[in-house]
Every structure is written in C-alpha cells, then in structure tokens.
Amino acid sequence: MAGADLPGKAGGEGGPGASRTAGAAANADGGGGGGDGAGRVATVEARGRVAPDGRSARRYAVRHVFARIGVYALAVVAALFCATPFLWSVITAFKLNRDLVDTENNPFVYNLPPTADHVLYLFTDTSFTRFVLNTLWVGALVVAITLALALPAAYSLARLDRPWAGWMGVTIFFVYLVPPSLLFLSLSRLVVELGLQDSTWSLVLVYPTITVPVSVWLLMGFLKAIPRDIEEQAMVDGYSRVGAFLRAVAPLAFPGIVAVVVFAFTLTASEFIYALAFVSPTAQKVISTGVPTELVRGDVFFWQSLQAATVIVAVPIAFVFNLFLDRFIAGFTMGAVKS
C-alpha cells in the first residue's frame with residue numbers, strides 16, 4: 001500500500017508542481033520577452049538621444065569651419081587695406097608724369113609703360129644717400145646713449161627697494177609725454193651755447209630726451225619680470241651687483257633690449273621738429289627732413305621720387321623688424337607680465 005501510494009503522491013504533487021513550474025517558465029519567458037522588448041525600446045531611445053548630438057556636432061564643425069574662413073577672409077582684407085598705400089607707392093614710383101597726372105587713369109595700374117627715371121633721379125640729383133647715412137649714424141649713437149642711460153636707471157628703479165622708485169619712474173615717463181613743440185625753443189638755446197647748430201651732433205644731443213624716458217619705462221617692466229633669485233645666486237657665486245647684472249640679468253633681458261633698440265631707432269628716424277629746427281645744411285640733414293625739403297620745391301612735388309624714397313626706406317626697416325619680430329614680441333609680452 002505504501003508502495004502503491006508513492007507514485008500517485010508523486011504524480012499528484014508533480015502535477016500541480018509541474019503546472020506551477022510551467023507557469024513560472026512561461027512567466028519567465030514572458031518576462032524575458034518583455035526584457036527584450038524593454039531593451040529594444042531602450043536602444044531606440046538611446047539612438048534617439050545620440051542622433052541629435054551627432055547632428056549638433058556636425059553643425060558645430062560646420063560653424064567652426066565657416067568661422068575660421070570668415071576670420072581669414074577678414075585678415076586678408078585688413079592686410080590688403082593696410083598694404084594699399086605701400087602698393088600705391090611702389091606703382092607710383094615707376095610711373096610717367098603723363099600717367100600720374102591724368103585723372104582718368106587708374107592709379108593702381110600702369111596705363112603707360114613704366115620708367116625708372118624718377119628712382120635714378122633720387123640717387124643722382126639729390127643727396128638721398130647722404131640723408132640715409134646721417135640717419136643711420138645718428139640713430140646708432142642715440143640708441144647706444146639710450147641703452148647706456150636707460151638700462152642702469154631701469155635696473156635701479158626695478159630692483160633697488162627705495163620708497164621713491166615708483167613715482168620716480170612715473171615722473172621719468174611723463175617727460176616723454178611733453179610735446180617737442182614745447183621743448184625745442186629751450187633746447188635750441190642749449191644747442192647754440194654748445195656750438196652744435198646746423199650739425200647732426202645737435203640731434204645726437206637732443207634725441208635722447210625723447211628715447212630715454214620711454215626706454216626706462218619699458219625696461220622696468222622687462223626687468224621686473226626676471227626673478228631676483230637669478231642675480232642673487234650670481235652674487236652668492238662671487239659677482240658684484242654690476243657683474244651679476246651684466247652676466248645674469250642682461251642676457252635674459254635681451255628680448256626687451258631688442259624691443260627698446262627698435263623703438264628708439266624708430267623714434268629717431270621719424271622725428272621731424274628737432275631735425276627741422278636745428279639742422280639747415282643739406283649735407284647734415286636726415287631722411288625725415290631731407291627728403292621732403294629736397295623733393296618739394298614750392299608748388300612742385302616730385303611725387304615719383306618721394307614715393308621711391310618711401311619704399312626704399314620702409315623695406316629695410318620692415319625686413320629688420322620682421323627678422324627680430326619674435327624677440328620684439330617676447331620683450332613686450334614679458335614686460336607686460338606683472339611679477
């Protein structure tokens with residue numbers, strides 16, 4: 001009996017258990033199917049979220065490309081706009097008089113065959129070469145004097161802890177802001193007393209009053225950007241303060257020195273009032289006064305020769321400037337950093 005009951009019990013228990021198991025399996029299958037459906041929905045939703053981001057990235061890339069094209073186009077237009085006077089000078093220097101004075105002709109093209117006669121006239125019938133030499137040697141002397149005075153002054157104001165250093169630097173810079181039209185009368189008295197009138201030595205004496213103040217101000221910024229530890233270490237190694245400055249600080253300040261040299265020479269070469277007031281002989285004139293006084297005679301303007309002189313002077317300066325452009329920019333940016 002006991003043995004007969006075992007299969008029926010097992011079958012009875014197995015039926016409902018099997019049903020429950022089958023139901024669970026069905027539910028599991030249904031749940032699995034539901035999970036697959038949920039996964040597919042999630043994938044679709046994820047794809048729906050990714051698609052707009054991809055389109056946004058493409059739109060951003062397109063906008064970035066067009067923005068760069070716009071920037072470069074504006075840069076090219078600005079460069080051409082700035083170069084237009086120079087291009088006009090180059091073209092005008094080789095134009096015939098008939099081509100230049102005809103108002104119906106295009107000023108940017110050669111309506112008649114070009115000629116080099118006006119450029120040759122500049123070298124053969126004027127003292128242009130003498131003007132260039134006077135400008136170069138006056139500029140070289142003024143730059144040397146400027147560095148000899150501005151470097152020690154700037155180092156003293158930047159390094160030595162004195163209560164008057166700040167306002168002294170500002171006062172020196174204010175001297176640069178005084179217009180030459182107010183100073184040349186008093187300076188002319190000094191030039192006459194020293195017997196330097198009608199000589200380029202008068203310009204060598206006067207021009208540092210323009211270049212030294214602004215050079216001191218610029219060099220102060222450069223020297224303040226150099227850590228004091230460098231020169232202090234040099235002094236620990238046995239150098240004097242002057243030796244530490246010459247061997248440790250000056251090489252690091254070389255970009256600033258280049259910037260000051262370029263700036264001082266540019267001021268010297270472009271100054272007009274002092275050169276006109278103190279120098280009259282043609283053999284002693286510099287470019288800033290010699291070219292306009294020799295090529296403008298009453299109401300007669302030698303336009304082609306004037307433009308040729310402009311190009312001949314501008315090209316070497318631009319070449320030298322671009323040759324030292326990296327150091328020039330490094331000097332100014334280094335001086336702009338406040339320690």
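The values are calculated or read from the model by the stated rules, or taken from the named source; none is laboratory data. Please read these numbers as outputs of a predicted model, since none were measured by experiment. Positions of Cβ are generated from backbone atoms using ideal geometry, with glycine treated the same way; all protein chains shown enter the neighbour counts. Heads up: the accessible areas ignore ligands, DNA and RNA and are worked out on the full protein's heavy atoms, side chains in. Shrake-Rupley method; radii C 1.70, N 1.55, O 1.52, S 1.80 Å.
Any idea how many residues of segment 107-139 are open to solvent by 70 Å² or more (accessible area, probe 1.4 Å) and in a loop (DSSP other than H, G, I, E, B)?
Adding up the residues that qualify gives 5.
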Any residue at all in segment 62-72 that's closer than 20 Å to F302 by Cα and exposed (fewer than 13 other Cβ atoms within 10 Å of the Cβ)?
no
Just name the residue that is most open to solvent (accessible area, probe 1.4 Å) out of those in segment 207-239 that are more than 26 Å from W167 (Cβ to Cβ) and among the aliphatic types (A, V, I, L, M).
V236
Residue ID - farthest from L276 (Cα to Cα), chosen from residues in segment 197-233 that are aliphatic (A, V, I, L, M), out of contact with any Leu (no Cβ under 6 Å at 6 or more places or on another chain) and touching a residue at least 60 places away in the same chain (Cβ under 8 Å):
A225
Against the condition acidic (D, E) and farther than 18 Å from L157 by Cβ, how does E193 come out, does it pass?
yes
Residues being open to solvent by 70 Å² or more (accessible area, probe 1.4 Å) and under 26 Å from G169 (Cβ atoms) - total across segment 187-204
1
Sole residue being within 18 Å of the chain's Cα centre (by Cα) and either open to solvent by 40 Å² or more (accessible area, probe 1.4 Å) or modelled with pLDDT under 85 (or both), chosen from I329, I273, I257, I312
I329
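Out of W167, W88, report the one residue that is more than 30 Å from W201 (Cβ to Cβ), open to solvent by 50 Å² or more (accessible area, probe 1.4 Å), at pLDDT below 90 and assigned to a helix (DSSP H, G or I).
Exactly one residue qualifies, and that residue is W167.
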Being under 30 Å from V216 (Cα atoms), aliphatic (A, V, I, L, M) and open to solvent by 50 Å² or more (accessible area, probe 1.4 Å) is the requirement here; does I287 meet it?
no
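Would you check if Y155 is part of a helix (DSSP H, G or I) and either of a type outside the set (A, V, I, L, M, F, W, C) or surrounded by 12 or more Cβ atoms within 10 Å (Cβ to Cβ) (or both)? I'd like the intermediate steps shown before the answer.
Values: part of a helix (DSSP H, G or I): yes; either of a type outside the set (A, V, I, L, M, F, W, C) or surrounded by 12 or more Cβ atoms within 10 Å (Cβ to Cβ) (or both): yes.
So Y155 fits the description; yes.
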Please count how many residues of segment 175-186 are loosely packed, with under 11 Cβ neighbours inside 10 Å and not polar (S, T, N, Q).
4
For K285, indicate whether it is basic (K, R) and under 20 Å from L185 (Cα atoms).
yes
